[in-house]
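The values are calculated or read from the model by the stated rules, or taken from the named source; none is laboratory data. Keep in mind that what you see is a predicted model, and the values were worked out from it rather than measured. So basically every Cβ, Gly included, is an ideal-geometry build from the backbone, and we count neighbours across all protein chains shown.
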Amino acid sequence: MLAITAWYYWQMVAMTDQMQKSSIFASVHTEYASSDILDAIETIEDFVEEHSLDQDPYYVTFLRLKYSHDPRGRQLDHARRKMVSWFMKVRYFYDLGYLPVTDASYVEKIPGKDRARFLSELVGPLDDAVRLSTGRTPRSVFEFFREMYSVPSENAVSHLTLEDLPPDLRNMSLTAIRQGVASSSRQQRQRTSAPSIQGHSSSPYDEEL
């Protein structure tokens, strides 16, 4: 009788676990198909195609638009944030085991090799350029999915330094770095003065976009 009870218990545990994984799978799939994500993809692809023959790399053009507060730069920056946020969420679910990294049926679809390539080849350079131009290191989420799908990092711009930027953009970046340092100091003071919240752990999904 005890063995039967244990068997039913583990069956229920396995069923609950599978239902949870299926729910998360459906959730991230649905979010990727939303109009916000599709608009972000189109915005990034159109920008890259428009500037593919420019003398400056498209991510340098993006930085110039972003730091000069051009509406096109703001639109592209929002698209970048939207895409990075989705991929960071998927990585978070893999890290926690809600999506099993050892199960090919999940890995083949979420995010899938084509989406991982899009992240690496188009989104990655935009995000790397923003972070490196403000004195931050590239995100680990890009390398995570490159390794998962064996996607080459040919377009990665992790080598970018301020010296690689045109003089006008370099000055904009230095201003952004100073503003970022000031903002980080304010946030640090707020965190140290605010009461701590137990049970909250940091994750790659908590990174600033």
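Structure summary
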{"read-out": "Residue check for Leu63: surrounded by 15 or more Cβ atoms within 10 Å (Cβ to Cβ), over 16 Å from the mean Cα position of the chain (by Cα) and not in a loop (DSSP other than H, G, I, E, B)", "value": "yes"}
{"read-out": "Top-ranked residue of the range 73-96 - restricted to ones that are touching an Asp or Glu at 6+ places or on another chain (Cβ under 7 Å) and closer than 16 Å to Val48 by Cβ, ranked as surrounded by the fewest Cβ atoms within 10 Å (Cβ to Cβ)", "value": "Lys82"}
{"read-out": "Residues (hydroxyl-bearing (Ser, Thr, Tyr), assigned to a loop (DSSP other than H, G, I, E, B) and within 25 Å of Val90 (Cα to Cα)) located in the range 29-60", "value": "Ser34"}
{"read-out": "Residues of the range 121-132 satisfying the condition of being more than 16 Å from Arg74 (Cα to Cα) and surrounded by 19 or more Cβ atoms within 10 Å (Cβ to Cβ)", "value": "Leu122, Gly124, Pro125, Asp128, Leu132"}
{"read-out": "The lone exception for Leu63 - which of (1) under 25 Å from Arg131 (Cα atoms); (2) of a type outside the set (Val, Ile, Thr); (3) out of contact with any Leu (no Cβ under 6 Å at 6 or more places or on another chain); (4) in contact (Cβ under 8 Å) with a residue 40 or more places away in the chain it fails", "value": "(3)"}
{"read-out": "Pairs, first closer than 14 Å to Leu126 by Cβ in the range 48-60, second among the acidic types (Asp, Glu) and assigned to a loop (DSSP other than H, G, I, E, B), C-beta under 9 Å, six or more apart", "value": "Val60/Asp54"}
{"read-out": "Those helices (runs of 4 or more DSSP H) lying entirely in the range 100-188 with at least 2 residues modelled with pLDDT of 70 or more, closer than 18 Å to Asp56 by Cβ and not small (Gly, Ala, Ser)", "value": "124-133"}
